Amino acid sequence: MLSVKELNYIKDFLSWELLMTKKCAHYAQQEVDPNFKGVFENARQVHQQNYDSLLSYLQQNSSQGTQGNTRQQGGIMQ
């Protein structure tokens, strides 16, 4: 189970990745040079993948927590 602090870190990471996805999409749309347009589009895809991975991890961890699973770390049951 993730601590509140860890969940807040992930929430912040999700916000940052979503913001960068939107900014890169905006810059790609505004750019006229095909080379720079491609750079921004590639960056958008990377940030979108990061966002999706974090969200998937969070959803997976959340579903495991609702099933009553516990994991042992350093001899302490969480």
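For this structure, a couple of remarks:
- Across the stretch 45-54, the qualifying residues are those that are exposed (fewer than 15 other Cβ atoms within 10 Å of the Cβ) and within 8 Å of the chain's Cα centre (by Cα), and the one among them that is nearest to Thr21 (Cα to Cα) is Gln49.
- Residues (outside any helix (DSSP H, G or I) and over 21 Å from Leu18 (Cβ atoms)) located in the stretch 29-44: Val32, Asp33
- Residue in the stretch 31-44 that is surrounded by 15 or more Cβ atoms within 10 Å (Cβ to Cβ) and either modelled with pLDDT under 90 or basic (Lys, Arg) (or both) present: yes
The values are calculated or read from the model by the stated rules, or taken from the named source; none is laboratory data. Nothing here was measured: the structure is a model prediction, and the numbers come from that model. With ideal geometry, Cβ positions are generated from the backbone for all residues, glycine too; neighbour counts draw on all protein chains shown.
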